[in-house]
Amino acid sequence: MNQSGPDMRVVELIMALRSAGIVDKAVLGALERIPRDVFVTSEFTRRAYENRALPIACGQTISQPFVVAMMTEALCLTPRLRVLEVGTGSGYQCAILSLLARRVYTIERYRTLMKAAEERFDRLRLRNIVTRLGDGMLGWPEQGEFDRILVTAGTKECPPALLSQLCEGGLLVAPIGPPEGQFVTVFRRDGDVFHQRQVAPVRFVPLIAGIASAL
Ligand code: SAH
């Protein structure tokens with residue numbers, strides 16, 4: 001492969017994200033540094049830097065780079081924060097978070113996806129990620145409260161367990177709405193009150209309760 005090839009594709013992707021309205025330099029820098037081709041299967045390597053969602057194993061998808069950037073921006077991350085991600089999938093979004101936060105806890109319900117994501121984290125030497133096979137709707141209560149929570153699967157309502165594991169002043173970002181389409185919604189905890197703000201329309205695969213029995 002032409003050595004300048006992938007780099008030009010990354011440059012073009014970053015330019016596309018900027019013209020789509022992503023302004024946070026740290027977020028753009030993280031998307032520039034994490035090689036998306038590592039997170040797709042070989043048949044899609046060629047298309048890894050297109051601004052599109054792509055299929056991954058188990059009938060799931062790796063999110064569109066614009067959506068990853070937009071949701072990451074909405075989390076307002078700083079280097080000292082602990083983040084919970086629900087829906088590891090390919091691990092791409094998690095890898096981006098790992099460059100911007102202190103530690104990322106990520107939960108996936110498919111063993112196959114979890115294993116593949118763990119191998120990618122190892123390969124890229126991302127050492128501040130903790131993985132768990134389980135039902136992310138229940139959160140990760142043993143880890144206490146999180147500064148930020150990101151849900152990367154669509155759900156009609158935010159699972160209450162996740163809201164309860166958000167620290168005071170913390171932000172939770174999730175695609176809220178029916179399977180046909182959701183709104184990226186930001187919840188901010190203010191005591192027992194959760195202020196909500198809708199950011200943009202999206203379409204995610206559904207959040208499903210329980211560990212996947214197959215695979
Ligand atoms: N963040 C991913 C996108 C994942 S797609 C990436 O960057 O590639 C959504 C993922 O959420 C799928 O892998 C799906 O299996 C997972 N998921 C759905 N419901 C879940 C649940 N209750 N707990 C954990 N993971 C779940």
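The values are calculated or read from the model by the stated rules, or taken from the named source; none is laboratory data. These figures come from a predicted structure and were not determined experimentally. With ideal geometry, Cβ positions are generated from the backbone for all residues, glycine too; neighbour counts draw on all protein chains shown. Just the protein is used for accessible areas: all its heavy atoms, side chains included, with ligands, DNA and RNA removed. Shrake-Rupley method; radii C 1.70, N 1.55, O 1.52, S 1.80 Å.
When you filter the chymotrypsin sites (Phe, Trp or Tyr not before Pro) in the range 77-137 for DSSP loop state and at most 12 other Cβ atoms inside 10 Å of their Cβ, nothing is left. Counting only trypsin sites (Lys or Arg not before Pro) that sit in a DSSP loop (anything but H, G, I, E, B) with at most 13 other Cβ atoms within 10 Å, what is the longest stretch of the chain containing none of them? In short, 1-79. Distance between the pseudo-spin-label points of Glu142 and Arg33 (7 Å out from Cα toward the beta carbon): 2.9 nm. Of the heavy-atom accessible surface of the chain (probe 1.4 angstrom), what whole percent is carbon and sulfur? So the carbon and sulfur contribution to the accessible surface is 52 percent.
State in Å² the accessible area per residue of the chain; use a 1.4 Å probe, count heavy atoms of protein chains only, and round to the nearest integer. It would help to have the intermediate numbers written out before the result.
Numbers: 10560 Å² over 215 residues.
Normalised by residue count, the accessible surface of the chain is 49 Å².
Solvent-accessible area of Met15, all protein chains in place: 120 Å² (probe radius 1.4 Å, heavy atoms, ligands and nucleic acids excluded).
The distance from the alpha carbon centre of the range 98-112 to that of the range 133-194 is 15 Å, rounded to a whole number.
Need one number for the range 8-202: average projected area of the convex hull over its C-alpha atoms, nm².
On the way: hull surface 40.5 nm².
For the range 8-202, averaging the hull's shadow over all directions gives 10.1 nm².
Quick one: plug the Kirkwood hydrodynamic radius of the range 23-122 (C-alpha pairs) into Stokes-Einstein at 37 °C, 0.692 mPa s, and report D in µm²/s. Walk me through the numbers on the way to the answer.
On the way: Rh = 13.6 Å.
Translational diffusion coefficient: 241 µm²/s.
Local charge for Arg9 was computed over the other residues whose Cβ lies under 13 Å away, with Lys and Arg +1 and Asp and Glu -1, and equals -1.
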